[in-house]
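The values are calculated or read from the model by the stated rules, or taken from the named source; none is laboratory data. The model shown is predicted, which means the values in this text are computed figures rather than measured ones. Neighbour counts are summed over all protein chains in view; Cβ atoms, including those assigned to glycine, are modelled from backbone coordinates with ideal geometry.
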Amino acid sequence: MIRTIQRKLKKSRGFTLVELMIVVAIVGILAALAIYGVRKYMANAKSAEARNSLGQLSKDAATAYDREHMAAAVLADGAATGVSNALCLSAAAKVPAAKTSIAAKKYQSAASEWETGDKDNGWQCLKFSMAQPQYYMYGYNRADAANFTATAEGDLDGDGTTSTFTIKGEVRGSQVAVSPTIDELLPEE
């Protein structure tokens with residue numbers, strides 16, 4: 001009888017404190033890994049905006065170069081004018097104008113911010129704009145007649161450290177060649 005009771009007690013015995021602590025430790029480690037993975041995933045998803053926008057911006061710069069530029073004067077009968085191609089001149093201001101506008105937050109740009117410049121310079125020449133809220137500040141700079149650089153700068157976590165994405169292009173012959181990759185400095189900051 002005593003042995004039967006002892007067997008029943010062994011069968012109905014619960015987990016020991018050590019076993020429970022091991023399970024809690026394993027769950028804690030898995031939770032920490034999950035949080036890290038989700039944070040990395042979210043930062044990568046947000047930085048995709050910069051990569052996609054810079055790709056579009058470089059295509060817009062190449063398209064603007066392909067547009068024919070010529071004098072706007074009326075030609076005399078039988079006269080001709082030269083046709084030229086040129087990269088857009090630099091955008092006067094980045095959008096948004098201050099990094100504090102995108103530090104750990106999204107910025108909704110106004111259409112007027114993308115309308116600066118004219119047919120030969122700035123955002124209006126590039127015909128680039130963003131209608132959706134953005135995590136990054138965008139800039140376009142023409143270094144000389146044959147080279148341009150487009151940048152996206154952001155501070156996803158608001159710690160003051162800036163992530164920078166850069167794409168470059170240059171005129172080669174009669175076409176614009178764009179870098180096949182985007183240079184990324186601290187992409188998850």
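When region 137-152 is examined, which residues are found to be under 14 Å from GLU113 (Cα atoms) and either among the polar types (S, T, N, Q) or in contact with an Asp or Glu (Cβ under 6 Å, 6 or more places away or on another chain) (or both)? Selection gives MET137 alone.
Considering region 32-55, the residues that are exposed (fewer than 14 other Cβ atoms within 10 Å of the Cβ) and touching a residue at least 24 places away in the same chain (Cβ under 8 Å) include one that is nearest to the chain's Cα centre (by Cα), namely ASN44.
Against the condition of a type in the set (A, V, I, L, M, F, W, C) and closer than 26 Å to SER179 by Cα, how does ALA98 come out, does it pass? No: the conditions fail for ALA98. If you filter region 42-78 down to residues that are out of contact with any helix residue (DSSP H, G or I) (no Cβ under 8 Å at 6 or more places or on another chain) and among the acidic types (Asp, Glu), you find that the one that is modelled with the lowest pLDDT is GLU68. Among the conditions (1) hydrophobic (A, V, I, L, M, F, W, C); (2) in a loop (DSSP other than H, G, I, E, B); (3) free of Cβ contacts under 8 Å to residues at least 24 places away in the same chain; (4) surrounded by 17 or more Cβ atoms within 10 Å (Cβ to Cβ), the only one that ALA73 does not satisfy is (4).
Condition (residue is over 25 Å from ALA50 (Cα atoms) and without any contact (Cβ under 8 Å) to a residue 40 or more places away in the chain) applied to region 85-107: is it met by at least one residue? No, every residue in region 85-107 fails to be over 25 Å from ALA50 (Cα atoms) and without any contact (Cβ under 8 Å) to a residue 40 or more places away in the chain. Do you know which of the residues in region 143-189 that are farther than 18 Å from LEU57 by Cβ and among the β-branched types (Val, Ile, Thr) is nearest to the chain's Cα centre (by Cα)? The qualifying residue nearest to the chain's Cα centre (by Cα) is THR162.
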